[in-house]
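Read the structure below first, then the notes.
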Amino acid sequence: AFRQVYTHTVYERLDRVFYAAQSHWCQDHGIALTGHPAASNELGALRHFHWPGQDMVWRWVTPGTETALSGPHSCAPKCASSAAAIQGSRRNATEPLGAYGWQLTLDEAKWLLDWHLVRGANLFFLHACFYSIRGRRAYESEPDLGVHNVWWPYFHLIGDYLRRLCWLLSGGRIICDVAILTDANQAAWSAAKLLFQQQIDFLYVDAMALDRATVADGRLCIGDGRFRAVVCDPPGATSSPVLDEFIAGGGLVLSEWQPETLCETLVAALGRDVNWPNEPNLRVLHYQKVGQDFYLFVNEGEETIAGKLSLAATGALERWEPLTGATQPWPGTLLADRTHTQLRLERRQSAILAVNPQEQPDADAPTPPQLGEIVQTVDGPWQVLSEAGSQLDLSCPGDWAQAQGWETFSGRLRFQTLFTLAPAPAQNSLFLDLGFVGDIAEVFLNGDPVGVRAWRPYVWEISPFCRAGENRLEVWITNSMANRLEGLQQPSGLLGPVVIRRHWNQG
């Protein structure tokens with residue numbers, strides 16, 4: 001008990017003389033205060049930031065581990081976006097990628113940025129770009145995200161991606177029915193983990209936010225939030241006049257709950273905004289802006305997610321590809337006051353479904369072709385050349401980091417070969433699949449640029465670039481700076497297998 005009182009006193013003092021003092025000074029001088037508090041799950045202090053923020057460093061969260069959903073660091077982006085929503089801030093910030101080491105790849109960076117975005121982050125302070133990496137300068141909260149990194153020529157892939165999504169996720173509001181009432185100084189993650197895995201979005205609120213809540217039309221209103229249910233985490237009896245009014249008006253407050261039944265209880269009471277069953281690695285953010293609903297879908301796992309789904313928002317659908325900026329009408333049907341459609345999300349893929357309530361969904365909207373069965377392999381022989389064009393004695397397919405003398409090489413090499421294609425029906429789309437690559441692949445076919453991939457799957461539609469008969473394939477591969485600066489011998493080169501696939505229609 002003494003420790004709790006002492007800790008509360010310290011936080012209260014810190015809140016008043018540090019965060020609040022800076023906030024008031026910035027407010028008086030026309031400056032937006034941003035930054036982050038000491039802890040990843042510190043929610044209360046964020047009310048003093050005009051742009052509430054968090055940071056993610058030292059590999060606290062990584063793909064394919066429990067860190068994405070468990071532990072105090074898993075709360076960081078949701079704390080910042082929740083603080084922004086409940087106080088009406090247009091922006092909330094995050095400082096990702098710092099001190100992740102030179103082994104950080106664009107593959108891992110894409111996953112990390114998606115992890116922040118789908119939890120509501122809309123302003124990114126990417127850490128960091130170094131003036132020099134000479135000597136020990138290379139090891140101060142590395143990596144350099146800029147010109148000293150071999151990936152710099154391709155960094156625009158995630159730079160443009162962030163630009164598009166930060167624009168989309170600003171100036172509107174997050175749509176969710178659930179609030180998690182938690183400790184201002186130690187936001188809990190147990191309920192959040194369960195909700196994320198069931199695509200039930202939420203915002204964190206604390207007791208101080210609850211003190212300024214109102215009840216209207218059966219909803220608990222705090223800032224931009226309009227909640228139909230409150231989950232207490234940690235569980236425990238909660239007494240509040242506004243919660244009593246909320247319950248009397250039909251609202252749901254779960255002060256005690258069990259992990260096995262929490263989501264089931266919420267769905268029974270509220271229904272589902274997004275219904276895509278049995279996909280625990282799927283994350284969804286519902287955002288409303290300029291009279292339209294936007295759903296951001298992120299595949300947070302390592303395998304393809306594909307299936308049928310339905311949305312509570314109704315109207316005509318468009319699919320937006322934030323990685324390229326491309327948009328297209330998307331098939332949907334209206335059934336039982338829900339919009340039904342289907343999606344396929346590859347590893348590291350995200351997609352936006354824009355819902356226009358002024359128009360009806362089109363069940364016959366075409367979908368792009370998807371890669372299907374293998375029609376032939378590209379066996380070589382392959383030539384491996386340096387950037388200057390010198391022939392190199394390296395195996396392909398193969399990992400150049402395992403070749404003698406190449407263990408610590410970081411840079412770019414060219415792999416080229418010829419292959420022959422038989423005539424194919426005009427309606428058949430063809431895809432090039434490089435298999436495994438370490439790390440970034442830039443493809444040219446018959447001298448024409450096809451595109452760049454920095455994460456698996458390394459697949460391109462090549463129908464506009466290939467021809468019946470002989471074709472010349474060039475693949476420029478860029479590996480990791482960790483080989484040179486950390487001696488890690490990360491997989492490098494074209495590991496394959498390289499194949500040509502035909503298409504199948506998603507519909």
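The values are calculated or read from the model by the stated rules, or taken from the named source; none is laboratory data. Small disclaimer: the values here were computed from a predicted structure and weren't measured. Heads up, the Cβs are rebuilt from the backbone with ideal geometry, glycines too, and the neighbour counts pull from every protein chain shown.
Given the conditions (1) in contact with a strand residue (DSSP E or B) (Cβ under 9 Å, 6 or more places away or on another chain); (2) at pLDDT 95 or above; (3) surrounded by fewer than 20 Cβ atoms within 10 Å (Cβ to Cβ); (4) among the hydrophobic types (A, V, I, L, M, F, W, C), and given that Trp60 satisfies all but one, which numbered condition is not satisfied?
Result: Trp60 fails condition (1) only.
Could you grab me the full set of residues in region 246-277 that are outside any helix (DSSP H, G or I), touching a strand residue (DSSP E or B) at 6+ places or on another chain (Cβ under 7 Å) and small (Gly, Ala, Ser)? It would help to see each step written out before you state the result.
Initially, region 246-277 is screened for residues outside any helix (DSSP H, G or I), giving 249-261, 271-277.
Imposing the further condition that a residue be touching a strand residue (DSSP E or B) at 6+ places or on another chain (Cβ under 7 Å) reduces the set to 249, 251-255, 257, 273-276.
Gly249, Gly251, Ser255 - these are the residues of region 246-277 that are outside any helix (DSSP H, G or I), touching a strand residue (DSSP E or B) at 6+ places or on another chain (Cβ under 7 Å) and small (Gly, Ala, Ser).
Quick one: which of Ser141, Ser132 is among the small types (Gly, Ala, Ser), farther than 18 Å from Gly53 by Cβ and in a loop (DSSP other than H, G, I, E, B)?
Numbers: Ser141 fails: farther than 18 Å from Gly53 by Cβ.
None of the other options fit; the residue is Ser132.
Looking only at region 278-307, filter to residues that are charged (D, E, K, R) and not in a strand (DSSP E or B); which one of those is surrounded by the fewest Cβ atoms within 10 Å (Cβ to Cβ)?
Our first condition is that a residue be charged (D, E, K, R); within region 278-307, this holds for 279, 283, 289, 293, 300, 302-303.
Checking which are not in a strand (DSSP E or B) leaves us with 279, 300, 302-303.
Values: Glu279: 21, Glu300: 24, Glu302: 12, Glu303: 10.
Filtering region 278-307 for residues that are charged (D, E, K, R) and not in a strand (DSSP E or B), the one surrounded by the fewest Cβ atoms within 10 Å (Cβ to Cβ) comes out as Glu303.
Test Leu434 against the criterion of being hydrophobic (A, V, I, L, M, F, W, C) and more than 30 Å from Tyr100 (Cα to Cα), and give yes or no. Lay out the reasoning, then the answer.
Working: hydrophobic (A, V, I, L, M, F, W, C): yes; more than 30 Å from Tyr100 (Cα to Cα): no.
It is false that Leu434 is hydrophobic (A, V, I, L, M, F, W, C) and more than 30 Å from Tyr100 (Cα to Cα).
Here is a list: Pro72, Pro77. Which entry is under 20 Å from Ala179 (Cα atoms) and surrounded by fewer than 20 Cβ atoms within 10 Å (Cβ to Cβ)? Let's see the steps before the verdict.
Working: Pro77 fails: surrounded by fewer than 20 Cβ atoms within 10 Å (Cβ to Cβ).
When all the criteria are applied, what remains is Pro72.
Of the numbered conditions (1) within 21 Å of Leu145 (Cα to Cα); (2) surrounded by fewer than 20 Cβ atoms within 10 Å (Cβ to Cβ); (3) among the basic types (Lys, Arg), Arg502 satisfies every one except a single condition; which is it?
(1)
Among the residues in region 410-422, are any at pLDDT below 95, more than 20 Å from Leu317 (Cβ to Cβ) and in the same structural domain as Val475 (by the TED database)?
From region 410-422, those at pLDDT below 95 are 421-422; that's our starting set.
Right, trim to more than 20 Å from Leu317 (Cβ to Cβ) and you get 421-422.
Filter once more, keeping what is in the same structural domain as Val475 (by the TED database): 421-422.
Yes; the residues of region 410-422 include at least one that is at pLDDT below 95, more than 20 Å from Leu317 (Cβ to Cβ) and in the same structural domain as Val475 (by the TED database).
Scan region 395-411 residue by residue and report those that are exposed (fewer than 15 other Cβ atoms within 10 Å of the Cβ) and not in a loop (DSSP other than H, G, I, E, B).
If the condition is that a residue be exposed (fewer than 15 other Cβ atoms within 10 Å of the Cβ) and not in a loop (DSSP other than H, G, I, E, B), then Gln402 is the only one that fits.
Test Ser89 against the criterion of being in contact with a Pro (Cβ under 9 Å, 6 or more places away or on another chain) and either closer than 15 Å to Ala209 by Cβ or acidic (Asp, Glu) (or both), and give yes or no. Lay out the reasoning, then the answer.
Numbers: in contact with a Pro (Cβ under 9 Å, 6 or more places away or on another chain): yes; either closer than 15 Å to Ala209 by Cβ or acidic (Asp, Glu) (or both): yes.
Here the answer is yes, as Ser89 does meet what is asked.
Any residue in region 366-378 that is modelled with pLDDT of 95 or more, part of a loop (DSSP other than H, G, I, E, B), loosely packed, with under 15 Cβ neighbours inside 10 Å and over 29 Å from the mean Cα position of the chain (by Cα)?
Checked region 366-378: no residue is modelled with pLDDT of 95 or more, part of a loop (DSSP other than H, G, I, E, B), loosely packed, with under 15 Cβ neighbours inside 10 Å and over 29 Å from the mean Cα position of the chain (by Cα).
(1) under 17 Å from Trp400 (Cβ atoms); (2) within 27 Å of the chain's Cα centre (by Cα): which one isn't true of Gly487, the others all being true?
Against the list (1) under 17 Å from Trp400 (Cβ atoms); (2) within 27 Å of the chain's Cα centre (by Cα), Gly487 comes up short only on (2).
Just one of the numbered conditions (1) crowded, with 20+ Cβ neighbours inside 10 Å; (2) touching a His at 6+ places or on another chain (Cβ under 7 Å) is not true of Ala192; which one?
(2)
Of the numbered conditions (1) in contact with a strand residue (DSSP E or B) (Cβ under 8 Å, 6 or more places away or on another chain); (2) surrounded by 13 or more Cβ atoms within 10 Å (Cβ to Cβ); (3) under 20 Å from Met481 (Cβ atoms), Glu387 fails exactly one; give the number of that condition.
Every listed condition holds for Glu387 apart from (2).
Does Phe227 satisfy the criteria of being closer than 16 Å to Cys176 by Cβ, of a type in the set (Phe, Trp, Tyr) and touching a Gly at 6+ places or on another chain (Cβ under 8 Å)? First the steps, then the outcome.
Numbers: closer than 16 Å to Cys176 by Cβ: yes; of a type in the set (Phe, Trp, Tyr): yes; touching a Gly at 6+ places or on another chain (Cβ under 8 Å): yes.
Against the criterion (closer than 16 Å to Cys176 by Cβ, of a type in the set (Phe, Trp, Tyr) and touching a Gly at 6+ places or on another chain (Cβ under 8 Å)), Phe227 qualifies.
Quick check on this structure: which one of Ser132, Ser89, Ser82 is surrounded by fewer than 18 Cβ atoms within 10 Å (Cβ to Cβ) and of a type outside the set (A, V, I, L, M)? Reasoning before the result, please.
Values: Ser89 fails: surrounded by fewer than 18 Cβ atoms within 10 Å (Cβ to Cβ); Ser82 fails: surrounded by fewer than 18 Cβ atoms within 10 Å (Cβ to Cβ).
After applying the criteria, what remains is Ser132.
Report whether or not Asp293 is under 25 Å from Asp114 (Cα atoms) and of a type in the set (Asp, Glu). Give the steps one after another, and end with the answer.
Working: under 25 Å from Asp114 (Cα atoms): yes; of a type in the set (Asp, Glu): yes.
When the stated conditions are applied, Asp293 passes them.
With respect to Val475, is the statement that it is assigned to a strand (DSSP E or B), within 18 Å of Leu104 (Cβ to Cβ) and out of contact with any Pro (no Cβ under 6 Å at 6 or more places or on another chain) true? Working first, answer last.
Numbers: assigned to a strand (DSSP E or B): yes; within 18 Å of Leu104 (Cβ to Cβ): no; out of contact with any Pro (no Cβ under 6 Å at 6 or more places or on another chain): yes.
Against the criterion (assigned to a strand (DSSP E or B), within 18 Å of Leu104 (Cβ to Cβ) and out of contact with any Pro (no Cβ under 6 Å at 6 or more places or on another chain)), Val475 does not qualify.
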